[in-house]
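Visitor: Take a look at this one; I'll ask things after.
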């Protein structure tokens, strides 16, 4: 008998809920403006697939509203104006965020590439962001698909990172700076995804950081770092939404052709 997995029927959870300010310091952030830990969404009774599975926050958003400034709309993307030290900031720009942007834009071009952004972002243990995560974040906010982001796009990306920081801190209950398998399961369940313990372990092993030991072997850390936690959540969201389109009966299972399976897996972030 096949295993049935349930998932939220609402908007998924690629982005945490909008919050005020830029969050707290750390993970490559400039000095804080305020903010705090993001509270988990209040759960409604029922909802989602399979009854008790995939309960969804009231309103269908919670830890799932798509980030402001992301892609969307039916019009061809227009190249956003590039602001640099020569042009000065756009009207109403946050002075602190503008100075941070200038420090990231090392070549003074008015745009930021993946390598520049990677060098500016660090985890709580001061390790650099994974480059694949950086590229994924840029793809969300690079509205014209130029491979670079301008200051206005950077503002949306920065708020997105800060919001995820609050989510990460909330579920990092032991304050270790990483997310272990129990914390990961709690986070995904709060988002509306009740994965089996086996799948939680698969996700944990996929996104945990491996390091080289003195003997040349590989040693896995104790948990998932902030950057990889964000990436794991976005990937699960993407895969779930792709599967949901195939599960027309909303029963938690579907019959897929080889072509469909390959398209879903290869299209994941």
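Visitor: Restricting the search to the range 83-103, which residues are within 17 Å of residue 156 (Cβ to Cβ) and touching a residue at least 24 places away in the same chain (Cβ under 8 Å)?
Guide: Scanning the range 83-103 gives 83, 89, 90, 93, 94, 96, 97, 98, 100, 101.
Visitor: Here is a further query. Those residues that are touching a strand residue (DSSP E or B) at 6+ places or on another chain (Cβ under 8 Å) and not in a loop (DSSP other than H, G, I, E, B), I need them from the range 198-208; list them, please. Step through it out loud before you land on a result.
Guide: Step one: of the range 198-208, the residues touching a strand residue (DSSP E or B) at 6+ places or on another chain (Cβ under 8 Å) are 204-205, 207-208.
Matches in the range 198-208: 204, 205, 207.
Visitor: Looking at the range 182-196, is at least one residue in contact with a strand residue (DSSP E or B) (Cβ under 9 Å, 6 or more places away or on another chain), more than 30 Å from residue 253 (Cβ to Cβ) and buried (at least 19 other Cβ atoms within 10 Å of the Cβ)?
Guide: No, because not a single residue in the range 182-196 is in contact with a strand residue (DSSP E or B) (Cβ under 9 Å, 6 or more places away or on another chain), more than 30 Å from residue 253 (Cβ to Cβ) and buried (at least 19 other Cβ atoms within 10 Å of the Cβ).
Visitor: Here's another thing I want to ask about it. Please list, ordered by first then second residue, the pairs with beta carbon atoms under 7 Å, 6 or more apart or interchain, first in the range 161-176 and surrounded by fewer than 23 Cβ atoms within 10 Å (Cβ to Cβ), second part of a helix (DSSP H, G or I).
Guide: 171/183; 171/186; 171/187; 172/183; 173/183
Visitor: Run down 188, 195 and say which single residue is under 19 Å from the mean Cα position of the chain (by Cα), modelled with pLDDT of 90 or more, over 30 Å from residue 82 (Cα atoms) and assigned to a loop (DSSP other than H, G, I, E, B). Let's see the steps before the verdict.
Guide: Working: 188 fails: assigned to a loop (DSSP other than H, G, I, E, B).
It is 195.
Visitor: Then there is this: Give 177, 108 a once-over and let me know the one that is modelled with pLDDT of 90 or more and outside any helix (DSSP H, G or I).
Guide: 177
Visitor: So, one more: Go through the range 123-157 residue by residue and tally those that are within 22 Å of residue 207 (Cβ to Cβ), at pLDDT below 85 and out of contact with any helix residue (DSSP H, G or I) (no Cβ under 8 Å at 6 or more places or on another chain).
Guide: Pass one, the range 123-157, residues within 22 Å of residue 207 (Cβ to Cβ): 123-141, 157.
Those left that are additionally at pLDDT below 85: 124-126.
Imposing the further condition that a residue be out of contact with any helix residue (DSSP H, G or I) (no Cβ under 8 Å at 6 or more places or on another chain) reduces the set to 125-126.
Qualifying residue count, the range 123-157: 2.
The values are calculated or read from the model by the stated rules, or taken from the named source; none is laboratory data. Everything quoted here is computed from the prediction, not taken from an experiment. Heads up, the Cβs are rebuilt from the backbone with ideal geometry, glycines too, and the neighbour counts pull from every protein chain shown.
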